[in-house]
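Undergrad: Below you'll find the structure I mean.
The values are calculated or read from the model by the stated rules, or taken from the named source; none is laboratory data. Just so it is clear, the model here is predicted, and its values are computed rather than measured. Don't worry about glycine lacking a Cβ; one is built from the backbone with ideal geometry, like all the others, and counts go over all protein chains shown.
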Amino acid sequence: MPDSRQYHNVALIGFMGAGKSTVATLVAGMLRFQVVDTDRVIEERAGRRISEIFAADGEAAFRQREVELVAELEGARARVIATGGGLPVNPQNLASLRKHSFIVCLWASPETIYQRVRTQGHRPLLQTPDPLARIREMLAQRAPVYREADLLVGVDFRAPLETARTIVSGFRHARSHAVSHADA
Ligand code: S3P
């Protein structure tokens, strides 16, 4: 059945350490799209690292920057948008992405995430004595949001290239079933 969504872009959502930035680059290469990495754009505009924004201005200020950037992206075309792990938690952001993007969640288990992020000190939300417990807790809270993606790809046992290929075929399939732009 045709659907009336518009799939101009691919948006990647999912927890920290799931590999969104790496996979975004691969998907963009395959589709000849450009990557927009929301964390990187926010850092470039602020001239500071995310950890510094959290420390100096607080999480709410960072979330506000995310909302503003997502609103700007409504005009985006041919982009692979790699989002920060908490960005889709705000329903306004997810609804906005849904207007123009095929939304893919990269799903990793808490153990995989922990293995990937434990040597990286730059994630402000994981600066706690028991990061694995924190990851489990946050993942459980966010699971209902991540499940709203159009496609959920488990990355525990998939290499980034295979994940990227899965996304590209899902995107092409969705596009071919959407009402064509001329009809929309
Ligand atoms: C966050 C994830 C981070 C970054 C910020 C908050 C989160 O992005 O946006 O530290 O709330 O999960 P990555 O998912 O790219 O690490």
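Undergrad: Can you name every residue in the stretch 71-122 that is over 26 Å from E137 (Cβ atoms), not in a strand (DSSP E or B) and not charged (D, E, K, R)?
TA: Within the stretch 71-122, A71, L73, G75, A76, A78, S96, H100 qualify.
Undergrad: Tally up the residues in the stretch 89-101 that are away from the ligand (no atom under 16 Å from the Cβ), touching a residue at least 12 places away in the same chain (Cβ under 8 Å) and either more than 15 Å from the chain's Cα centre (by Cα) or over 22 Å from A164 (Cβ atoms) (or both), please.
TA: The number of residues fulfilling the criteria is 2.
Undergrad: Still on this structure, I have one more. Which residue is nearest to the ligand (Cβ to nearest atom), if the candidates are limited to the stretch 133-150 and must be surrounded by 16 or more Cβ atoms within 10 Å (Cβ to Cβ) and over 30 Å from S4 (Cα atoms)?
TA: M138
Undergrad: If you check G86, G154, which single one turns out to be within 20 Å of V23 (Cβ to Cβ) and within 11 Å of the ligand (Cβ to nearest atom)?
TA: One residue alone meets the criteria, G86.
Undergrad: Here's a check for you: in the stretch 1-16, which residue that is within 16 Å of the ligand (Cβ to nearest atom) and not aliphatic (A, V, I, L, M) is surrounded by the most Cβ atoms within 10 Å (Cβ to Cβ)?
TA: Out of the qualifying residues, it is G14.
Undergrad: Six or more apart or on different chains, Cβ under 9 Å: which pairs go from a residue in the stretch 128-153 that's part of a loop (DSSP other than H, G, I, E, B) to one that's charged (D, E, K, R)? Could you list them?
TA: T128/R134; E148/R98; D150/R5; D150/R98
Undergrad: Can you tell me which residues in the stretch 116-132 are exposed (fewer than 14 other Cβ atoms within 10 Å of the Cβ) and either more than 14 Å from the ligand (Cβ to nearest atom) or more than 20 Å from L106 (Cα to Cα) (or both)?
TA: Matches in the stretch 116-132: T119, G121, H122, Q127, T128, P129, D130.
Undergrad: Here's a follow-up. Exactly one of these conditions fails for A46: (1) more than 12 Å from the ligand (Cβ to nearest atom); (2) in contact (Cβ under 8 Å) with a residue 40 or more places away in the chain; (3) not charged (D, E, K, R). Give me its number.
TA: (2) is the only condition that A46 fails.
Undergrad: Go through the stretch 17-37 and give me each residue that's buried (at least 18 other Cβ atoms within 10 Å of the Cβ), at pLDDT 95 or above and part of a loop (DSSP other than H, G, I, E, B).
TA: Within the stretch 17-37, A18, G19, F33 qualify.
Undergrad: If you don't mind, there's one more thing I want to ask. Just to be sure before I move on: is A24 within 25 Å of A143 (Cβ to Cβ) and touching an Asp or Glu at 6+ places or on another chain (Cβ under 8 Å) in the structure I sent?
TA: Values: within 25 Å of A143 (Cβ to Cβ): yes; touching an Asp or Glu at 6+ places or on another chain (Cβ under 8 Å): yes.
Yes.
Undergrad: Moving on to the next point. Condition test on R40, is it within 11 Å of the ligand (Cβ to nearest atom), over 25 Å from D3 (Cβ atoms) and surrounded by fewer than 16 Cβ atoms within 10 Å (Cβ to Cβ)?
TA: For R40, the condition - within 11 Å of the ligand (Cβ to nearest atom), over 25 Å from D3 (Cβ atoms) and surrounded by fewer than 16 Cβ atoms within 10 Å (Cβ to Cβ) - is met.
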